[in-house]
Amino acid sequence: MADLGSFALRLALLIALTGTVTGIYGGLKRRGDWSEVARRSVLLLFGLLTLGMGALFWAFYTNDYQLLYVANHSARSMPTAYRLAALWGGQAGSLLLWCWMVGAYGAAAVTVNRRQTTLLPWVSATLSANAFFFLVLLNLDLVNELPALVANLGLALPDGFGIDVHTHPFERIPAGTIVSDGTGLNPLLQHPVMMIHPVMLYTGMTGFAVPFAFGLAAMASGELGTAWMRITRRWTLWAWFFLSIGILLGGRWAYEVLGWGGYWAWDPVENSSLMPWLAGTAYLHSVMVQEKRDMLKIWNLVLIGLTYSLCLFGTMLTRSGLVRSVHAFAQTEIFGQLFLGYVLVTVIVYFTVLYVRRGELKATTHIESVMSREAGFIINNWLFMALLGVVITGTLWPKLTDWILGVEQTMGPGFFNLLGAPIGMTLLLLTGVGPLIAWRRASPANLRRQFLWPTATGIVAFVVLAFVTRDHLAWMAVATWAIGAFVTATISQEYFRAIRARMRRGEGIGAAFATLMRKNQRRYGGYVVHLGMVFLFIGFAGAAFNEERLENVAVGEAVEMAPYRLEYRTALAIPEQHYGGAEARIALFDNDRPVATMRPERRMYWLEEQPVSVPSVYSTMTEDLYVVLTAIEADGSATLKIYRNPLVNWIWAGGWTFVLGTILVMWPHPEGRRQEP
């Protein structure tokens, strides 16, 4: 089975090259027959990649330790689910997953849009070229086989020819070596969330390949209208949707597994997924202006090109060794150079074509007033780009200072929070302001009518919250919550007015709401997404009141963190097959009322020789009490790290609301296909 998978990947390399060449030729010559060859190449490519994925899954399922990748990332003692999830736990498997997803998106896109004869050859070529590069990385071991192949022709290559990389997932261990068990997967990755978090991220990041391909196809073919944008609207939303879920799951995994009491550390790998999300979110807002007012044509093409380029750039960051991260894959210099080269080629080709077509993309309409919805969207985009600039600068700063000064200087969370928080708060404010302003030009009377009650709500919320938190006031947090109250009021007002108008026609509340969602789901589903963002920011602002303690307690002693008391009772050994360690038993009291028994663990994974702390969390909607067992001392006492995290669960509630709103936006309602943004 492994040999079949290896053959499938090598044949896929040839098919991807075929699809690229025939697609370009078919597009240039307007040849339908060559274009059809390119389209079918994309379909065949997906079939071969699926065969390769299936073969690697089978190798993990059957514990085929003759494969180097399986031996390095799996072990017999691991549960089957984690053995299968180990496929994307390392370099080669994650590259194969990425390539397979591009193939899946490509096959679906060229099938659904097979009648788009002008755009399709360029789309097929772009998607095939993307897959071709990743297949080159997956088949880099072919370079090491060249000397033998050349020798068969009576020629010779220089001594030492070859590269030391292991990116072929079906590479076998050296001949004569017998491996009875693998070295196992990183224990931090053996968590239910990590079985789906990388898949969600990759589904989102690779999904942007489709709108990117159609945007490039529109420019290459000269079809510069809105057709490419209409075709890719749902593709873009799906990609953004899955990327959002992936980021949220990553935060949840960090919170539950890493044992530091937080959910986002501005790590380079975390930032690598945030960067395309910011650009993609800006695009989803900006594209509405083009749909409504036929403006920002060039800017929208810039944004979709930037979004997918950042997906590639972020993937390169985690695999090239360019930045240091506990999440990054280690790799050789040649690998990083190849990946960086591909990212640069992609950017240069796309933006060169855009530059050539710039004259044909000039807008015929312009902003009539700064007090208009389109002006609000443009400001929204500027802010997203400013936040993106902060994230990119902070992420690459260590490498920039190394190149310039010879010393790496790292930007900590304080840098991102200092510059990013005001931008984020302004963006949150705009989610409430934008929908209330009319297109083209808003009159003073309209502004007064729309903003009176939401503004009053925000002011009252600020005053009340400032009074409630006066003993340890954090102005940024209070301002964020007040803005959240303003946005919630604008959303409620929009729903209230629309439902009331329909009720005057004789509809009930439920029927009126259903009609709104059916007839204008993008608008009212978008409000639910905005409400989810309000909840997220409520949780983010709660971090201003976090508390942290490090305590050593003997059996029977207690730690006070008002209103809680944590009483250490005992510690029990953990006799698991794959790991050992200790579990502390801690009685938790809330104002002398027993509420829970907390069980933080300190584990040692035998095979991986890696210690892991598993926190215990007591959750309410107002706060989390988060306890980490750092050690059981020789005298039997326990060293505990205790965090009190106010409002953190609003983040997860906001995430689910965010997901619900996106589903409402994308839900297929025939009556909602032609609707105003």
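Just so it is clear, none of the values below were taken in a lab; they were calculated from the coordinates. Bear in mind the structure is a predicted one, so any value in this text is a computation, not a measurement. So basically every Cβ, Gly included, is an ideal-geometry build from the backbone, and we count neighbours across all protein chains shown.
Taking the Cα centre of each part, how many Å lie between the stretch 528-581 and the stretch 251-288?
23 Å
By how many nm would the segment from Thr426 to Val179 lengthen if fully extended, with 0.36 nm per residue of separation less the alpha-carbon distance?
Values: separation 247, 0.36 × 247 = 88.92 nm, distance 5.72 nm.
Working it through step by step, the gained length comes to 83.2 nm.
Which one of Leu607, Trp266, Ala421 has its Cα pushed farthest toward the positive end of the charge dipole of the chain, where Lys and Arg give +1 and Asp and Glu give -1 at the Cβ?
Result: Ala421, furthest along the dipole toward the positive end.
What order do you get for 541-552, 516-527 when each peptide is scored by the mean count of other beta carbon atoms within 10 Å, highest first?
516-527, 541-552
Would you list the membrane-span-like helices of the chain, meaning whole DSSP H runs whose alpha-carbon atoms span at least 30 Å along their axis and whose mean Kyte-Doolittle value is at least 1.0?
2-29, 91-112, 297-320, 333-356, 444-468
If the reach is capped at under 26 angstrom between alpha carbons, list the lysines near Lys362, excluding any in the same chain fewer than eight residues apart.
Lys292, Lys297
Going Cα to Cα from Lys519, which aspartates and glutamates come in below 20 Å? Please leave out same-chain ones fewer than 8 positions away.
Excluding near neighbours in sequence, the set is Glu291, Glu494, Glu507, Glu671, Glu676.
Assuming 0.36 nm per residue, please report the length gained on full extension of the stretch Ala474 to Ile574 beyond their Cα-Cα distance.
Going from the current span to full extension adds 31.7 nm.
Full extension from Arg115 to Phe467: what is 0.36 nm times the residue separation minus their Cα-Cα distance, to one decimal in nm?
Working: separation 352, 0.36 × 352 = 126.72 nm, distance 6.29 nm.
Here the segment from Arg115 to Phe467 would lengthen by 120.4 nm.
To the nearest 0.05, how large is the calculated FRET efficiency for Val555 and Met621 if R₀ is 45 Å and r is the Cβ-Cβ distance?
For R0 = 45 Å, the calculated efficiency reads 0.85.
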